[in-house]
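Following: one structure in structure tokens, then a few remarks.
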Amino acid sequence: MKNISINWKNAIIGGIVGTILFDLLGLALTGTWWDIPNLIGSKVGFGLSYGVFGHYSNGILLGILYAGIAPSLWGPNWVRTLLFVTAETIALVWFFMFPLLGAGIAGIELGALVPFISLARHIAYGLPLWYFVHKSKN
């Protein structure tokens, strides 16, 4: 069995930079900055600062998770990253987070474009994740 090690620094940086790109694309597509942190903070009742902390913590944790499972995924590195962010978006966002927040499956109750916007934002998140997780471990 192959010994798999995570480059923690690169996984964390990839998660942070990916979350920044996620937010920037969200701003470009929706005209709203930090829509997800605002939503998280308002739903749990702790405000924007908690929402930002939760949002970026989630980005970091997903980066670490990806770094750990990427070697077991199929295909070249860019395909592995695309598979991961697509599966994560469908399983954790469309079928868990959106319904939990009252937006319906895939967020469709918020609008017909929401599933596509959320997938595009997660693909943007995946770009730095792909770069940092798969770059040399130097």
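The values are calculated or read from the model by the stated rules, or taken from the named source; none is laboratory data. Treat the numbers as computed from the prediction; the structure is a model and nothing was measured. Methodologically, a virtual Cβ is constructed for each residue, glycine included, from the backbone with ideal geometry; neighbour enumeration extends over all protein chains shown.
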**Message:** So residue 36 ticks every box in (1) β-branched (Val, Ile, Thr); (2) surrounded by 14 or more Cβ atoms within 10 Å (Cβ to Cβ); (3) out of contact with any helix residue (DSSP H, G or I) (no Cβ under 6 Å at 6 or more places or on another chain); (4) at pLDDT below 95 but one. Which box is left unticked?
**Reply:** (3)
**Request:** Determine whether segment 36-53 contains at least one residue that is under 19 Å from residue 81 (Cα atoms), β-branched (Val, Ile, Thr) and more than 14 Å from the chain's Cα centre (by Cα).
**Result:** no
**Request:** For segment 117-130, enumerate the residues that are small (Gly, Ala, Ser), buried (at least 19 other Cβ atoms within 10 Å of the Cβ) and over 15 Å from residue 77 (Cα atoms).
**Result:** 118, 124
**Request:** Would you be able to tell me the number of residues in segment 20-39 that are closer than 21 Å to residue 60 by Cα and touching a Leu at 6+ places or on another chain (Cβ under 9 Å)?
**Result:** 7
**Condition check for residue 124: at pLDDT 95 or above, in a helix (DSSP H, G or I) and either over 30 Å from residue 5 (Cβ atoms) or of a type outside the set (Phe, Trp, Tyr) (or both)** = yes
**Residue count for segment 82-116, restricted to those that are under 20 Å from residue 54 (Cβ atoms), touching a residue at least 40 places away in the same chain (Cβ under 8 Å) and crowded, with 18+ Cβ neighbours inside 10 Å** = 1
